[in-house]
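What follows is a short report on a single structure.
The values are calculated or read from the model by the stated rules, or taken from the named source; none is laboratory data. Quick caveat, the model's predicted, so the values are computed rather than measured. When we count neighbours, we look across all protein chains shown, and the Cβ atoms used for this are built from the backbone with ideal geometry, even at glycine.
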Amino acid sequence: MSVRIFLVLALSLLGFGLVKPGRRVGAEKEEVDAQQHFRQRLERLGKRAPDACEPLSEEATGLGRRDTESWLFSQGADIVATALNATDANKRTPEDRASDALGKLEKMSKEINADWPDESRFHFEVLDISPALVVKMTFRTSATYFVFGVPAEDVYGANARWQRVGFDTASLERDSARSLVDLFPLHRGPSGNARFLARMEPFGCAGSIGVIYEAREWDPQGLGNLQRIIGQEGAFGLDDRVQEFEQIGELKTDGPLITLPYCWFSGIDTWDNPSLCAVDTYDLSGDEVKFQSRIYNRPDLLPIAKVIEYARQHDYEAVRAYCASSQLARGLIQNFPAHFFAEDVRVTETGSGRESVEMGFDTSYLFELEELDGKWLVSAVTIEMKIEAGYLEPGNLGRGGRPL
């Protein structure tokens, strides 16, 4: 080997040795700075009460618009992305690198928020659905998730690297004091793309609880695509039981068929508890997710809730789908009152496949139901307005005992 070639190789090796530590030092400084910013935000947020429903302290009134859980979570996601792209990428799994980085933040919160209940401090969960990671973060009474992946192509032409490819989009659409998030891996289709389900429960300082199901699929081809494949919203009441309206179904996320139970508020509710509930089944066996079925807890009373909903919207076609005749559907569209509250629901079986349902107090609503070809329909509606001890006679004020 000539002296010249030897010197070039030596200088190259020396240069490599000098540059590599410099890059590592730069990355370490970036990580330290990010953690310091996270610490500062933890300290500022620590001036708030651990529960978002508690009143603000004098210290907390001076916090800025960025002193929120969402900014804290975003900083945590940036720290995770940095850790996933660390130089020791081949020495530890992505799940380990993300967990180590988040573990430092969790330890930091334990120190800074020591006087808070443990469940209110910063915590995390990592769901490994290789080649993607889903990270759940919680702090105070808020929870969210972020998705990380490596697209096959980079928009800037750089080498493939881990990126934040998605987040809890439902959080942008809800404004709740408290929220819960649960993550579940889902069955993959023939393409092998990673799938997961996020079950979110937003709720306030009192009252009922919302439920949001959001299933997503990560396709790393090209610039990558995190697609929403299932979306379903509903609610649950203050307790799990409404008399004669039992909830139906259980959450099932393993295997090609999954079931998602939920309830929703409707015109036949009697309190701050939704009466009607359903369970939806989805088929995940193929690359295209297919809705398979929906089963109701009270299929007999469903048409009443539907005609109330659509009559108030003056949607004839929708009302007609739940009525036994076009004449009744038109009557409901024209005359159903804008204000309606069930007060109580009293169901009487009047024959085979026939029911009479009475609701209301000051105004009494009588719905006649009939089962035709396995489907319940509203066959007649009568409205009676009550005054003190008695009913109005039919025809009085145009409403007493009037059939629609």
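Any residue in region 321-341 that's farther than 20 Å from residue 269 by Cα: show its pairings with residues that are among the acidic types (Asp, Glu) at Cβ separation under 8 Å, as long as the two are six or more apart or on different chains.
Short answer, once both residue conditions are applied: 324/370; 333/315.
Residue-wise test of (1) over 27 Å from residue 263 (Cβ atoms); (2) modelled with pLDDT of 95 or more; (3) not assigned by TED's automatic domain parsing to the domain that holds residue 274.
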| residue | (1), (2), (3) |
| --- | --- |
| 338 | no, no, yes |
| 354 | no, yes, yes |
| 374 | no, no, yes |
| 380 | yes, yes, yes |
| 389 | yes, no, yes |
| 393 | yes, no, yes |
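Any idea which residue in region 114-144 is surrounded by the most Cβ atoms within 10 Å (Cβ to Cβ), counting only those that are among the aromatic types (Phe, Trp, Tyr) and assigned to a loop (DSSP other than H, G, I, E, B)?
This residue is 122.
Which residue is surrounded by the most Cβ atoms within 10 Å (Cβ to Cβ), if the candidates are limited to region 186-214 and must be at pLDDT 95 or above, farther than 13 Å from residue 251 by Cα and in contact with a Phe, Trp or Tyr (Cβ under 7 Å, 6 or more places away or on another chain)?
Only one residue fits best here, namely 194.
With the condition kept exactly as written, say whether any residue in region 234-250 is surrounded by 14 or more Cβ atoms within 10 Å (Cβ to Cβ), on the phi > 0 side of the Ramachandran plot and not aliphatic (A, V, I, L, M).
Among the residues of region 234-250, at least one is surrounded by 14 or more Cβ atoms within 10 Å (Cβ to Cβ), on the phi > 0 side of the Ramachandran plot and not aliphatic (A, V, I, L, M), which makes the answer yes.
Quick check on my filter: what residues within region 275-313 are of a type outside the set (A, V, I, L, M, F, W, C) and crowded, with 19+ Cβ neighbours inside 10 Å?
275, 280, 282, 297, 298, 303, 306, 310
For region 120-136, enumerate the residues that are in contact (Cβ under 8 Å) with a residue 60 or more places away in the chain and over 12 Å from residue 106 (Cα atoms).
Answer for region 120-136, where residues must be in contact (Cβ under 8 Å) with a residue 60 or more places away in the chain and over 12 Å from residue 106 (Cα atoms): 127, 129, 130, 131, 132, 134.
Kindly list the number of the only condition in (1) on the phi < 0 side of the Ramachandran plot; (2) surrounded by fewer than 19 Cβ atoms within 10 Å (Cβ to Cβ); (3) out of contact with any Gly (no Cβ under 6 Å at 6 or more places or on another chain) that fails for residue 170.
(2)
Just to verify a result, which residue in region 37-54, among those that are assigned to a loop (DSSP other than H, G, I, E, B) and charged (D, E, K, R), is farthest from residue 72 (Cα to Cα)?
Once the filter is applied, the top-ranked residue is 54.
Return yes or no: is residue 312 of a type in the set (Lys, Arg) and modelled with pLDDT of 95 or more?
No: the conditions fail for residue 312.
For region 354-366, check the following and say yes or no: at least one residue is out of contact with any strand residue (DSSP E or B) (no Cβ under 8 Å at 6 or more places or on another chain) and surrounded by fewer than 16 Cβ atoms within 10 Å (Cβ to Cβ).
No, that holds for no residue.
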